[in-house]
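The structure that follows is given in the form of structure tokens.
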Amino acid sequence: MTLLFLVPFFSLPWTLQAESSGGVSGHIEGGGRIFVVRPHRTDRGKFEEYRDYPKGGVLNKLFLQYESETPYRMELEVREPGEEDQSFLLRASKLGTVTFEFEWDQTPHVFSKASGSPYIETNRGVFDLNGEIQNRLQGAAAADRPSLLSDFLTPTPGIDLKNRWDGARFGMTWTPSSTWTLQSKYNFTQKDGSRPVGTTFYFTNQVELPEAIDQIIHDVDLSAEWNNRKGYVSMGYGFSAFVNNLDVLTWDNPLRATDAAGNPSRGRFVLPPDNIAHLATLSAGIHLPWKSFLRGTFSYGLRFQNDDFYPHTINTGINSALLALPRTGLQGAIHTRFGNIQWTGRPYQNLGVNFYYRIYNQNDDTPNVTFNGQVATDVNLVSEAVTRARFDYIKQTAGLDFSWHLAKMLDFKTGYEWEHWNRNRFHREVSTTTEHIPSMALDYKPYSWLWLRSSYSYAMHLIGTYNTFAHLSHTIGDEVDASNSDAQDVNLRKFDEANRRRHKGDISVFLTPNDQWSFTPVFSLIRNSYTDSTLGLQKELGWSAGGDVTWTPNDRVSFYANYMREEYDARQRSRYREPAAQMSNTTYDWVANNADIADTGSFSTEVVLKPKILKLHLGGDVMHAISRMRAVNPTTPAGGTAAQNTSATVENFPDIRDFIYHLEASLLYNIKERWSTKLAYVFEDYNTSNFQQEKIGVYNGGLDANSNTSIYLGAQIRDYVTHWIGITASYQFN
Amino acid sequence: MRTVIGKSFVLLLLSLAFALPLTVGAKKKNPPPVEVEKEASAPIAPVENGYAGSEMCQACHGDVADLFAKTTMGKILMQHPRNSQEKLGCEGCHGPAKAHADSGGGTFEGMITFSKKDTTPVEKRNAVCLDCHEQTARTHWKGSPHASRNIACTDCHRVMGGGFGKGQLQKPTEIETCGQCHLERKAQLKLSTHMPLLEGKMTCTSCHNPHGSVADKLLKKNTTNEVCYSCHAEKRGPFVWEHPPVLENCVNCHDPHGSVHQKMLKLAPPRLCQQCHIETRHPTRPQTSTTRFTFNRSCMNCHNTIHGSNHPSGRSFHR
């Protein structure tokens, strides 16, 4: 790949060099990486989450630029060629007229390297088990199955859960005249690899699999803009196609070798279907009196999806006329319409006015489809007709704000925003919600070295009638009330459909007392109260405080540091509901108080030990985060059976903790005018404590008795510590 | 992998096919400046009309001029001007400087220095930049949140050279440039689950247009979900079975700037799911930490197609 880029780069411009006085400049940096301590292969899940850190020789960066006295230029930038996260950028341009770019970029995404699975992927997306274990487990008594499965899973072959996104981007911008700009872009993205996915056969038999990922996205964007000093008109068209080369995932049930109703030998679920989206946009703007500008934008979008339906189940033991598919595919069609109009002006020298109105309409025009029966997790036939829901909505936003230049160094802004949602009343609980948001901001800059910025807004989110049973009624076609065990509790208000009051504010101070110092303390706060939510999310409080500081006492020393503390607290109330007798037992209420606390910071300092010769760099990052999920029963659960009372009793979850320390030191030595070398030391320590995954294994019968016939991936994200030394040399062309 | 290399080779050939005519065009030595239809708003000012000429500026500000000459804008203005305003060179942006030169640098009357101590209103300073750059990504600058809060172009861009990247940013990366004011967002990116911004695979402008947009939060697309679908097109649907809060807004459940929870969720499941699901039985049971409803992927141990299912029997997102 590297050679493919380098050869033409060197060959093309250099043939021209003889005829013009241009030349190639740039730099190249490469060297080696020696791990003093390298995380064990299975511990590198987090270390290599989005990056590749190989040992040995590496080419960090190559940058080449061809320039001449003519307006033509060409650039090539190569980063980490040959590594999983390599990237290439080729840019050719005629200054101010045409720019062409081609970029190739790879991004690995590692989920876990400490995973295992007994399944063999015989074809992509087809996971087979050793047939013998299926036969043995099928024939075994229920009480013997856990130990048989546990033995079978000890040991389990290790697997890596990772995928990689490869992206190619072509872009061209052409400015044939000062009024016209034409742009074209094509993006190609390929995702290849795996990711963990959970599957289940009803409640008792879960199978976690490395879902095969083989997907492609094509995106094309074309636009043309005419713009002069009086206004502009632009048109754009975007096309996006998602292609999934895999339709379904199938896997063996470890407990069954043969199909039967209630006992499938295999499971199957449908992977994301292919889809296509179009978006056409027209936008125009014009300068008007009062130093004002009026602009409008309209977009029309279409999304289609019509992948063939797969049968309700792969279980040959379930046959019913109810499972006849109503048609071959969804014939899914979503129409979107977006409109935006904005007027911004300055009727008086010190007064700016801005008005805007936006409307977004998502209209699901998919023909109705009803399935007369369903098969729950390939296990049981459910003889209930279910109709697909259409979640149309219209979102409107309007705002008016005024900016006053009150004094030479004082600016005040105040405004009001209105947001209104209309949802399909048949399927969401609330068909209309309205939010009123008055706001203000004050910017004060009394001196060139002091700038104070602050803002505050209050939001009142009001809902219409809350119909708890809307979705269920129109999905299963029956009249539903509170007695229906599938219905939500009538006291619940989902947080996006609840009455809410919000206070939000922030303040920032930018201090630059002299050329040596700058200091930026900031503070922000957000508080949400869900005033009528007896059940559901009730309160949220988030705040952050921190700042940046830079110090450059002279041209040989510079220092930078920052720190931020963020806290988020939320309280939610729920109720354990066990039909039929304990659906409304208020002693089964429980309250969860969740808190996230994160401290992040970094520092960086550079010291020029010998001007133009020797430079020392020290830097580091730290992140500490704790997530607490506490819970309490306001009243001791009572009234049901002992088992039900126990189920209603809450416990605190263990805290989740994450720590990351990163420290690096480097010494840069300029050997000659063009040559330099760098010696770097890097230390990184990641430490996590997460009850949800740190004890997880492939077999988890010891952790949860109800999981003793389940198979997981044991996808842990493990701690790691690494120290490495890097030696690089760089050469500067011209 | 072989397919990928094959595809990339084809892409490379295409790229060369595009690049070749540009490069061949370079054989023309010093082509004449492009003729333009429009006239610059600034008058074509002869030197004696208050303008000193760029040579005069360079006599005192040679170091700055040398730095500027290396930038794309410097090359256009100083070597390949396309219109009358660009032909003014330094004074095309800074205004007529004859008085400044005649006074030996003692007065800045009629000039804009763009320095931190420049008292010229930000709107007027920005207007100089917008005179040429109010196109494409900058079309929606006027009335944008940054414009209305008096953010100057030079707060983020270093026009005179020494800037970083194609946009000549004030700081080495977009994260640091945006992070000058958005410190909280910059900090969030360091949390344990984040998108690959710190790794250099995404930038703030992957999702936002800081120069203004038609959407909330300066998003590049019309809605939050349309931005997310750019990369996560598999979640675009439409599906047979939709999960309404997913359909309406991805950030109902995710915090795209980073989180302390897996998958950038705003809260760890099952608590996150339990904020909305108070039906009966297991969704409402508070659960203990060692059950299959809580450990590993929690609710998603079973409800694996939570973003939408196209399976006829996928109503509960199991299939």
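State whether the range B:39-198 is rounded, prolate or oblate according to the following rule on the C-alpha gyration tensor (a ≥ b ≥ c being the square roots of its eigenvalues): a/c under 1.5 gives rounded; otherwise a/b larger than b/c gives prolate, and the remaining case gives oblate.
It comes out prolate by the Cα gyration axes.
Same structure again: What pairs in A:LYS61/B:LYS221; A:LYS445/B:LYS142; A:LYS94/A:LYS291; A:LYS185/B:LYS220 have C-alpha atoms more than 25 Å from each other? The partial results should precede the final answer.
Values: A:LYS61/B:LYS221 33 Å; A:LYS445/B:LYS142 22 Å; A:LYS94/A:LYS291 35 Å; A:LYS185/B:LYS220 15 Å.
Pairs exceeding the cut-off: A:LYS61/B:LYS221; A:LYS94/A:LYS291.
Residue farthest toward the positive end of the dipole of the range A:196-347, with Cβ of Lys/Arg at +1 and Asp/Glu at -1: which of A:ILE213, A:VAL243, A:THR258?
After comparing all options, I get A:VAL243.
Further, regarding this structure: Using the per-residue mean of other Cβ atoms lying within 10 Å as a proxy for protection, in what order, highest first, do the peptides B:264-274, B:108-118 fall?
B:264-274, B:108-118
Please give me the summed charge of the neighbours of A:ALA648: other residues whose Cβ is under 10 Å from its Cβ, Lys and Arg +1, Asp and Glu -1.
Working: positive: A:ARG575, A:ARG577, B:ARG285; negative: A:GLU578, A:ASP589.
Charge balance in the 10 Å sphere: +1.
Set the Förster distance to 35 Å, then compute FRET efficiency between A:LEU511 and A:ILE359 from the Cβ-Cβ distance, nearest 0.05.
0.25
Give me the extension gain from A:ASN652 to A:GLU384: residue separation times 0.36 nm, minus the current Cα-Cα distance, reported in nm with one decimal. Mind dumping the intermediate values first?
On the way: separation 268, 0.36 × 268 = 96.48 nm, distance 3.85 nm.
Additional length available on full extension: 92.6 nm.
Take chain A, mark every one of the trypsin sites (Lys or Arg not before Pro) that falls in a DSSP loop and has at most 14 other Cβ within 10 Å, then report the longest stretch left between them, sites excluded.
A:409-555
Under a point spin-label approximation (7 Å from Cα along Cα-to-Cβ), what is the A:ALA140-A:LEU525 distance to one decimal in nm?
Result for the modelled spin labels: 6.0 nm.
Still on this structure, I have one more. Less than 18 Å apart at the alpha-carbon level, and either on another chain or at least 8 residues along: which aspartates and glutamates does that give for A:LYS46?
A:GLU83, A:GLU84, A:ASP85, A:ASP160, A:ASP621, A:ASP658, A:GLU684, A:ASP685, A:GLU694, A:ASP719, B:GLU199
What is the order of A:LEU668, B:LEU77, A:LEU679, fewest Cβ neighbours within 10 Å to most? Numbers along the way, then the final one.
Working: A:LEU668 19, B:LEU77 24, A:LEU679 14.
So the ranking, lowest neighbour count to highest, is A:LEU679, A:LEU668, B:LEU77.
Starting from the Cα gyration tensor of the range A:148-235, take the square roots of the eigenvalues, sort them a ≥ b ≥ c, and report rounded, prolate or oblate (rounded when a/c is under 1.5, otherwise prolate if a/b is larger than b/c, else oblate).
Verdict is prolate for the range A:148-235.
Taking the alpha-carbon distance from A:LYS494 and a cut-off under 16 Å, which lysines remain once sequence neighbours fewer than 8 residues away in the same chain are dropped?
Result set, ordered by chain and number: A:LYS539, B:LYS266.
Still on this structure, I have one more. Any idea what the relative contact order of the range B:153-312 is, in percent, if you count C-alpha pairs under 8 Å spaced at least 6 apart?
Reported as a whole number, the value is 17 percent.
Once both labels are modelled 7 Å past Cα along the beta-carbon direction, what's the A:HIS218-A:LEU462 spacing in nm?
Here the modelled spin labels are 5.0 nm apart.
So, one more: Can you compute the FRET efficiency between A:ALA321 and A:ILE476 using 1/(1 + (r/R0)^6), with r the Cβ-Cβ distance and R0 = 30 Å? Round to the nearest 0.05.
That pair, A:ALA321 with A:ILE476, gives E of 0.95.
Under unit Cβ charges (Lys, Arg +1; Asp, Glu -1), what dipole magnitude, rounded to 20 debye, does the range A:597-734 have relative to its Cα centre?
That gives the range A:597-734 a dipole magnitude of about 600 debye.
Could you let me know the centre-to-centre spacing of the range A:484-522 and the range A:299-330, using Cα atoms, in angstrom?
That distance is 42 Å.
Pulled fully out, how much extra length does the chain show between A:GLN732 and A:ALA561, if you take 0.36 nm times their separation in residues and subtract their Cα-Cα distance?
Working it through step by step, the gained length comes to 58.5 nm.
Here's a follow-up. For A:LEU663 and A:ASN687, compute 0.36 nm times the residue count separating them, minus their Cα-Cα distance, and round to one decimal in nm. Present the calculation step by step, with values, prior to reporting the outcome.
Working: separation 24, 0.36 × 24 = 8.64 nm, distance 1.48 nm.
Result: 7.2 nm gained on full extension.
Would you work out the charge dipole size for the range B:92-241 about its Cα centre, treating the Cβ of every Lys and Arg as +1 and the Cβ of every Asp and Glu as -1, and quote it to the nearest 20 debye?
280 debye
To continue, here is another question. Determine, from the Cβ-Cβ distance of A:VAL549 and A:ALA284 and an R0 of 41 Å, the FRET efficiency 1/(1 + (r/R0)^6), rounded to the nearest 0.05.
Computed FRET efficiency for A:VAL549 and A:ALA284 comes out at 0.35.
Quick check: from the Cα gyration tensor, does the protein assembly as shown come out rounded (a/c under 1.5), prolate or oblate?
prolate
Counting pairs of alpha carbon atoms under 8 Å apart in space and at least six apart in sequence, what relative contact order in percent does the range A:609-692 give?
Relative contact order here is 35 percent.
Hey, how many Å between the Cα centroid of the range A:372-449 and the Cα centroid of the range A:583-648?
With the range A:372-449 and the range A:583-648 each reduced to a Cα centre, they are spaced 27 Å.
Ok, one more. About the Cα centre of the protein assembly as shown, what is the dipole size in debye to 20, counting +1 per Lys and Arg Cβ and -1 per Asp and Glu Cβ, all else neutral?
Roughly 1060 debye for the protein assembly as shown.
Using the structure shown, list the pairs from A:LYS615/B:LYS166; A:LYS230/B:LYS235; A:LYS408/B:LYS70 with a Cα-Cα distance above 32 Å, or answer none.
In this structure, A:LYS230/B:LYS235; A:LYS408/B:LYS70 exceed 32 Å between Cα atoms.
Same structure again: Determine the relative contact order of the range A:19-126: mean sequence separation of Cα pairs under 8 Å and six or more apart, normalised by residue count, in whole percent. Please report the intermediate quantities before stating the final value.
Values: 194 pairs, mean separation 28.8, N = 108.
Value for the range A:19-126: 27 percent.
Read the figures in this text as sums done on the coordinates, not as results from a lab. Computed from a predicted structure; not experimentally measured. With ideal geometry, Cβ positions are generated from the backbone for all residues, glycine too; neighbour counts draw on all protein chains shown.
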